[in-house]
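The values are calculated or read from the model by the stated rules, or taken from the named source; none is laboratory data. Only a predicted model underlies this, so the values are computations on that prediction, with no experimental measurement involved. Because the Cβ atoms are built from the backbone with ideal geometry, glycine has one as well, and the counts that use them run over all protein chains shown. SASA here: full protein model, heavy atoms, side chains in, ligands and nucleic acids out. Shrake-Rupley method; radii C 1.70, N 1.55, O 1.52, S 1.80 Å.
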Amino acid sequence: RAVLSMAKIFNADIYAGKYSPNKTFKGFSKFRITVLNKLNLSQRVDKLYLNYKYKFLKLDKYDIYILLGGASLNSAKANRPNLWWCCSPRIWLYHTTDTDLKRVSFLKRMLIYCLLPFLRLEDKLNVKNVQNIKSIAKNVRFRVKKIYDRDSEIIYPFVDLNKFKYLKSGDYYLSSAR
C-alpha cells in the first residue's frame, strides 16, 4: 500500500521486483509498472537475482528515486538523488541464527553462512549510497542506526482517513495494540 500511496501522490512510475496484478490492489493497474524479475525462482535465489537486476538499473529521467525494499538499495549508486523509505533493514542478513536454519539442509546452511558476510558488506555499501533515509517507526529508526550507523527521520505510513468513519458507540470497549 505504501508504494501505491506514493505512486498516487507523485504520479510515479513503479519498478517492481515482482508483480502479480491479480494478487495485489486494483489501484496498481493505473500506473506504469516495470517488472524486473519475471522468473519463478526459489525465495533465496530470487533475492540474489533481484539484487543483480537492481544493481544494473540505470534510470535518468526522474527528479528523485524513492527506494522501498532491500533489493532496491542496489540501485542507489546509479540513481540520484535518492531517498530510502525504510520499513525495515534486511533483518534476515543480520539476525539469521542456527535455529532459523534448522529446516535447511547442511549444504545449504554452509552456503548461507559463507555468503552472509559478503551480502552484509554489499548491503552496508548500498546504504552508504543512499542520500536520505526515512524510517516508518521509532524501532525501525533504531535498527537503521544500529546496523548502518545512519540517522533517519520518521515518516509514518500513509492512512487514508476517508476509508474510516465513526459509528455510534455501543456498550463495549475495543483496544487494538501490539
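Of 145, 55, 168, the residue with the greatest mean-square motion in the GNM of the chain, using alpha carbon springs below 10 Å, is 168.
For the stretch 95-178, what is the accessible area per residue in Å², given a 1.4 Å probe and the full set of protein chains? All intermediate terms of the calculation are to be shown ahead of the outcome.
Working: 7200 Å² over 84 residues.
Accessible area per residue: 86 Å².
How many percent of Cα pairs in the chain exceed 28 Å?
35
Around the amide H of residue 133, modelled in the peptide plane, lie the amide H atoms of 84, 153, all under 5 Å away and 5 or more residues distant in sequence or on another chain. Against the chain, whose longest principal axis comes from its Cα atoms, helix 138-148 is set at around 20 degrees.
How long are the semi-axes of the equivalent ellipsoid of the stretch 123-174, defined as square roots of 5 times the Cα gyration tensor eigenvalues? Whole Å, largest first.
Details: eigenvalues 280, 35, 10 Å².
Computed over the stretch 123-174, the values are 37, 13, 7 Å.
Note the angle between two axes, namely the Cα long axis of helix 43-55 and the longest principal axis of the Cα atoms of the chain, as a number of degrees from 0 to 90, rounded to the nearest 10. Approximately 90 degrees, to the nearest 10. Which one of 66, 154, 3 is farthest out on the positive end of the charge dipole of the chain, using unit charges on Cβ (Lys, Arg +1; Asp, Glu -1) and the Cα centre as origin? Toward the positive end, the furthest listed residue is 3. 3J(HN,Hα) along the stretch 103-116: 6, 8, 4, 4, 5, 5, 4, 5, 4, 4, 4, 6, 7, 3 Hz, from the Karplus curve 6.51 cos²θ - 1.76 cosθ + 1.60 with θ = phi - 60°, whole Hz, x for Gly and Pro.
Tell me the mean residue ellipticity at 222 nm calculated for the chain from its helices only (DSSP H runs of n ≥ 4, each -39500 (n - 2.57), averaged over every residue, nearest 500).
Working: 5 runs with 60 residues, N = 178.
Helix contribution divided over all residues of the chain: -10500 deg cm²/dmol.
Can you tell me how much longer the chain between residue 98 and residue 56 gets when fully stretched, taken as 0.36 nm per residue apart minus their C-alpha distance, in nm with one decimal?
Working: separation 42, 0.36 × 42 = 15.12 nm, distance 3.30 nm.
Gain on extension, residue 98 to residue 56, equals 11.8 nm.
Dipole check for the chain: with +1 at the C-beta of Lys and Arg, -1 at the C-beta of Asp and Glu, and the Cα centre as origin, the magnitude is about 280 Debye. For residue 146, the aspartates and glutamates whose Cα comes closer than 19 Å to its Cα, not counting residues fewer than 8 places off in the same chain, are 122, 123.
Which links in 8/168; 47/77; 108/128; 53/163; 47/134 stretch past 26 Å when you go from one Cα to the other?
On the way: 8/168 32 Å; 47/77 19 Å; 108/128 30 Å; 53/163 36 Å; 47/134 23 Å.
Check vs 26 Å cut-off fails for 8/168; 108/128; 53/163.
Quick one: pull the percent of accessible area on the chain belonging to carbon and sulfur, 1.4 Å probe, ligands and nucleic acids left out. Heavy-atom surface of the chain belonging to carbon and sulfur, 1.4 Å probe: 57 percent.
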